[in-house]
1. Does the chain classify as rounded, prolate or oblate by the C-alpha gyration tensor (a ≥ b ≥ c root eigenvalues; a/c under 1.5 gives rounded; else a/b over b/c gives prolate, otherwise oblate)?
2. Treat every Asp and Glu Cβ in region 1-82 as -1 and every Lys and Arg Cβ as +1, leave all other atoms uncharged, and give the resulting dipole magnitude about the Cα centre to the nearest 20 debye.
3. For a protection proxy built on the mean count of beta-carbon atoms within 10 angstrom, sort 23-30, 3-10 highest first, please.
4. Based on the mean of other Cβ atoms within 10 Å per residue, sort peptides 12-19, 35-42, 65-72, 50-57 so the most packed one is first.
5. What is the local net charge at V48, summed over the other residues whose Cβ is closer than 14 Å to its Cβ (Lys, Arg +1; Asp, Glu -1)?
6. Over the chain, with every protein chain in place, what whole percent of the accessible area is carbon and sulfur at 1.4 Å, could you tell me?
7. Obtain the nm distance between the two label points defined at R46 and T27 by a simple spin-label model: each point lies 7 Å from its Cα along the Cα-to-C-beta direction.
Amino acid sequence: GGEFVALLDFERPSEPTERERQVTALTRAGIPYRALAGRYRIDQIRAVYRRTAVYCIAHGESFGLPICEPQACGGYVVTPSASWCAA
């Protein structure tokens, strides 16, 4: 087994509040995390997802692919609102 690592979704400057809460909670709990930034080829993003225990969503997802991919790679999705993952 590997290290328990959280992954933060891409930052949206227009919606910083939930991401700030997630960073604070992860830091206080001593959970290491990475944050998505930039661009990834499909093989690169899947490799990141495979090294991730939980994927933290900080805004609503209308289509759901960013939610399904981490789950398909064995991770869990954390969201403050079920309505953000309705699809």
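The values are calculated or read from the model by the stated rules, or taken from the named source; none is laboratory data. In this text the structure is predicted, and so the values were computed from the model without any measurement. We place every Cβ from the backbone using ideal geometry, glycine too, and count neighbours over all the protein chains shown. The accessibility values were calculated without ligands, DNA or RNA, using every heavy atom of the protein model including side chains. Shrake-Rupley method; radii C 1.70, N 1.55, O 1.52, S 1.80 Å.
1. On the way: a/c = 1.40, a/b = 1.06, b/c = 1.33.
Rounded shape, in that the Cα axes give a/c under 1.5.
2. Values: 10 positive and 9 negative charges, 46 e Å.
That gives a dipole near 220 debye.
3. Working: 23-30: 11.6, 3-10: 16.4.
Per-residue mean Cβ counts within 10 Å order the peptides as 3-10, 23-30.
4. Details: 12-19: 12.0, 35-42: 10.4, 65-72: 15.0, 50-57: 19.2.
Packing order, densest peptide first, comes out as 50-57, 65-72, 12-19, 35-42.
5. Values: positive: R34, R39, R41, R46, R50, R51; negative: E3, D9, D43, E69.
The answer is +2.
6. Working: 3000 of 5570 Å².
Its accessible area is 54 percent carbon and sulfur atoms.
7. Here the modelled spin labels are 3.5 nm apart.
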